[in-house]
1. Based on the Cβ-Cβ distance from residue 98 to residue 136, what FRET efficiency comes out when R0 is 25 Å, to the nearest 0.05?
2. Assign one of three labels to region 53-162, namely rounded, prolate or oblate, based on the Cα gyration tensor with a ≥ b ≥ c the square roots of its eigenvalues; rounded applies when a/c is under 1.5, prolate when it is not and a/b is larger than b/c, and oblate otherwise.
3. Classify region 202-290 as rounded, prolate or oblate from the Cα gyration tensor: take a ≥ b ≥ c as the square roots of its eigenvalues, call it rounded if a/c is under 1.5, otherwise prolate when a/b beats b/c and oblate if not.
4. For a Förster distance of 22 Å, can you work out the FRET efficiency between the beta-carbons of residue 296 and residue 275, rounded to the nearest 0.05?
5. Take residue 148 and residue 193, extend 7 Å from each Cα along the Cα→Cβ direction, and tell me the distance between the two endpoints in nm.
6. Taking amide hydrogens as modeled 1.01 Å from N in the peptide plane, which residues meet the under 5 Å criterion relative to residue 305, leaving out close sequence neighbours?
7. Full-extension gain between residue 230 and residue 80, please, as 0.36 nm times their residue separation minus the C-alpha to C-alpha distance.
8. Separation between the residue 68 and residue 261 pseudo-spin-labels, each 7 Å from Cα along Cα→Cβ, expressed in nm?
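None of the figures in this text is laboratory data; all of them are computed from the coordinates on show. Only a predicted model underlies this, so the values are computations on that prediction, with no experimental measurement involved. Cβ: placed from backbone, ideal geometry, glycine included. Neighbour counts: every protein chain shown.
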Amino acid sequence: MPAKAARRPHGNENGRLRARLEELQETLRAIRSGEVDALVVETAGEHQVFTLKSADQTYRLMVEEMQEGAATLSHDGVVLYSNPFLAALLDLPLEAVLGAPLSGFLDEQGAISVSGLLRAAESGVSRGEVSFRRGEVFVPTQLSLTLLSLDGISVYCMIVTDLTERRRREEERAQLEREKLARAAAEETSRLKDEFLATLSHELRSPLNAIVAWSHVLCQPGLDPATAGRAVQAIDRNARAQAQLVADMLDVSGIVTGKFQMRLGPVRLSDVIESAADTVRPAARAKGIRLELAIDPAAGPVLGDASRLQQVIWNLLSNAIRFAPEGGRVQVRMENTGSCIELSVTDDGPGFDAAFLPHVFDRFRQADSSSTRRHGGLGLGLAIVRHLVELHGGTVEARNHEDRTGAVLTVRLPRQQGSSADTAPAEQVPSP
């Protein structure tokens with residue numbers, strides 16, 4: 001029996017706590033339902049009364065002083081309440097905002113956006129960006145809308161955040177990023193030009209040294225005819241190489257300054273291909289490279305400059321022969337695809353490095369720009385090819401073989417329409 005007597009005080013205490021909890025729960029229910037007008041709170045030595053009106057006043061003061069726009073809207077979008085920050089954002093007196101439709105402070109698109117946000121708020125909080133009219137300018141803002149029920153009347157609670165400062169910071173970051181990219185591009189261009197100048201000096205010096213050396217040989221007394229013949233051939237070969245370098249640089253100069261000229265007329269690409277192939281055959285023969293032509297006889301003419309198109313094909317063939325291995329193969333294929341003439345040059349060399357492939361047609365770019373590179377040249381040939389092809393209204397692309405080694409360069413030129421074009425006079429076209 002003593003054990004039972006000891007448990008009674010705990011039971012009484014639990015009962016009092018349970019009764020107090022029920023009292024608090026009933027108080028909260030009464031506050032939420034609007035049945036209570038004031039709360040009496042016991043403090044040290046005194047009772048303090050908090051009316052619900054004074055609690056509302058505290059929240060109202062918070063809203064009045066907050067650094068974001070706040071407003072309540074009627075169901076049809078009329079401003080029922082606005083805090084001073086929203087009025088200041090609109091650069092209007094508070095009385096000009098109250099009772100006015102919110103759409104009056106927006107442009108047509110903004111009014112449509114707010115209308116959609118109001119509909120979306122019926123099923124939950126909706127957020128979106130709109131611009132408010134402030135005099136002659138518009139202020140970017142973000143809206144947050146919530147549908148509330150006050151005394152049985154539905155109103156929208158709207159919070160407006162001014163995005164001007166955020167947009168300014170974003171623009172500053174974007175400007176810094178653009179400047180960073182511009183600096184990087186300028187540094188890269190400067191580096192490429194430095195590499196180009198180093199390559200240019202090397203490429204010009206090499207044939208010049210050979211010309212000077214063989215010229216000294218020719219000046220020797222008693223020179224046998226065989227050696228003299230070799231000297232003349234070497235001087236001729238290196239002089240032509242140097243002339244080609246100068247021609248490439250002049251072409252690039254014309255491209256950059258917009259003084260590149262073309263004379264357009266009907267051109268049979270098959271004839272141009274044969275002529276370019278005849279030019280590079282000695283170089284292909286020297287490396288034991290098979291030069292194969294597969295030309296569609298039904299391919300019609302194109303409108304272009306025959307000499308410039310021959311330059312395009314010569315550059316493509318020279319590039320393929322340069323990188324094809326000894327005893328390899330270079331193939332030229334031309335076919336009519338309907339709307340255009342497609343010309344492709346393929347080789348069985350190492351192909352393009354994946355990192356270099358996007359820059360194949362850039363000026364001053366070479367996959368290997370070191371002074372010990374295996375293949376010579378200034379890295380201008382394919383850049384000139386792209387410009388010439390684009391002047392003819394065509395496109396050029398480079399890729400590697402998928403199933404074997406080697407590169408594929410494909411040119412697509414618009415096919416000349418109508419037979420009357422065959423007799424059309426040549427037209428002079430400047431570079432853009």
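1. With a Förster radius of 25 Å, E is 0.60.
2. Working: a/c = 1.70, a/b = 1.16, b/c = 1.47.
Verdict is oblate for region 53-162.
3. Note, shape of region 202-290 comes out oblate.
4. E between residue 296 and residue 275, to the nearest 0.05, is 0.80.
5. Label-label distance for residue 148 and residue 193, simple model: 6.4 nm.
6. Long-range HN contacts for residue 305: 265.
7. Values: separation 150, 0.36 × 150 = 54.00 nm, distance 10.06 nm.
Separation in residues times 0.36 nm, less the Cα-Cα distance, equals 43.9 nm.
8. With each label placed 7 Å out from Cα toward Cβ, I get 6.8 nm.
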